[in-house]
1. Would you mind computing the Rg to Rh ratio of the stretch 92-157 from its alpha-carbon coordinates, Kirkwood style for Rh?
2. Quick one: which of 363-372, 281-290 comes out on top by average Cβ neighbours within 10 Å, and what's the full order, highest first?
3. Could you compute Rg(Cα) / (2.2 N^0.38 Å) for the stretch 67-314, with N its residue count?
4. Taking the Cα centre as origin and putting +1 on Lys and Arg beta-carbons and -1 on Asp and Glu beta-carbons, what dipole magnitude results for the stretch 258-417, to the nearest 20 debye?
5. Under the Karplus relation 6.51 cos²θ - 1.76 cosθ + 1.60, θ = phi - 60°, what is the ordered set of whole-Hz ³J(HN,Hα) values for the stretch 290-307, x standing for Gly and Pro?
6. Tabulate in residue order the Karplus-calculated ³J(HN,Hα) for the stretch 334-350, using 6.51 cos²θ - 1.76 cosθ + 1.60 with θ = phi - 60°, rounded to whole Hz; enter x for Gly and Pro.
7. Give me a comma-separated list of calculated 3J(HN,Hα) values for the stretch 241-248, in order, Karplus coefficients 6.51, -1.76, 1.60 applied at θ = phi - 60°, integers in Hz, x for any Gly or Pro.
8. What spacing in nm lies between the two simple spin-label points modelled at Asp307 and Ser213, each 7 Å away from Cα in the Cβ direction?
Amino acid sequence: MSNNKKRKKTFNYKKYAVRIVLFLVVILVFVSGWLYLYLAGFNNSAVKLSSSLSSDDVKIQSDSKSSNILVMGVDIGTTGSTNANDPKRTDTMILVHYNAVDKKVSLISIPRDTLAVVNDRNQKINAAHAIGGVDYAVAAVEKLVGVKIDYYAKINYKGFDELIDAIGGVDINVTRKMDYDDPTQDLSIHFEKGLVHMDGKKAEEFFRWRKNSDGSGLANGDLGRIENQHIFIAKVMEKVKSPFIIFKIPSVLTAVKNAIETNMDANEILKFGFIFATIDNDKLSMETLNGVEKYVNGVSYVVYDEDLNKEVISELSDNKAPIVNKSKLKIKVINGTQKTGLAKDFSTYLTEKGYNEAKTETGEATSKSKITVYNGSKDMKADLQTDFKIDNIEFLSSSNKSFDIVVTLGDDHELMH
């Protein structure tokens, strides 16, 4: 009798477990379906993109599974206007490239004063959206860089504030006093130096600041503001990757739907959302499109310079040339030791590796060898470490017109021959 009861009890447990599993599956299917339908509503008012580039105009080729996304943050337009069609400039433009080959994401910020041709007239690129909406903004970037844009995502500052509030804000180390008021933009920014926890409104202020009311501020204006934005984006990415973000997903989804207009469908939103939420730091890069400040017909612009952007633009291509072009690098080798002939010996070694003969000289004494790379891509690092046999490598954004690479040999370096 007792054995029969035991068998009956075991059977009931299994049946109960099966019911729980089925219930969870039904819930998962229901939630997945609801999420899909919810995300599908994101592009109800989206603009359908048709590239302004012909096949001959596309300078940068990418793998068919890779994607280019133009992210735009638009300003408030005319203060007090309730017209949804009130012209709005893009206060922020970031071209995002997802490399499906290397599983890398590159974020390239475009300075808002960059010279662009819109309707056959010179304009600052941030005016393109105000003149012709998303189509004009996308076309301006496509023509500037020579890359086809597949998707766009547009966010206004009200939505930006809601999104940052939804993730619980971010902590930013403010490195200088910020004190600026602009009633025309309903903008008031006041921060002291130090660590500041920023909710959506404060984050917007930090994101937009570039100078104080007295004229002091960032020496390089909008470029310095972009550096602050990159710091901020890194903090947001860090917050999104936290396991605790799962509890904020409902409020994040609500904020995103209110904040963002995009032409992505639900599958694409889920795909890129997952990529950004799980990407490793070494697979994410943030750069700024380089240009030269010039006056054109009395108006100050940042003029795009193709030569200054070779490394930046290479991030948009999946079919890259060899990372290190040995025949084009100009190299200087400095002997920072008392070992006679060390620099000349190293120059000879480099020519045997296929590099051009390096200029050699004697410099200040140093204990550790170092490579300094000017305006080079960090993707070069592994190749340089292998060829140069030096692990200590520094990449500088400042230019050196005489040399691309400067090698300083220290006491830790021995003759190669």
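Taken together, the values in this text are just the output of simple stated rules run on the coordinates, not laboratory data. Every value quoted in this text rests on a predicted model; they were computed, and no experiment measured them. Note that each Cβ is placed from the backbone with ideal geometry, even for glycine, and that neighbours are counted across all protein chains shown.
1. Here Rg/Rh amounts to 0.99.
2. Numbers: 363-372: 15.1, 281-290: 17.0.
Highest to lowest by the protection proxy: 281-290, 363-372.
3. On the way: Rg = 17.8 Å, N = 248, 2.2 N^0.38 = 17.9 Å.
The value comes to 0.99.
4. Values: 19 positive and 27 negative charges, 116 e Å.
Taking the Cα centre of the stretch 258-417 as origin, the dipole is about 560 debye.
5. Listing the rounded values in order: 8, x, 10, 6, 9, 9, 10, 6, x, 10, 7, 10, 9, 8, 4, 10, 4, 5 Hz.
6. These are the phi-based 3J(HN,Hα) values: 10, 8, x, 10, 9, 7, 5, x, 5, 5, 5, 4, 5, 4, 4, 4, 5 Hz.
7. So the J values, rounded to whole Hz, are 7, 5, x, 6, 5, 4, 6, 9.
8. With each label point 7 Å from Cα toward Cβ, the separation is 4.4 nm.
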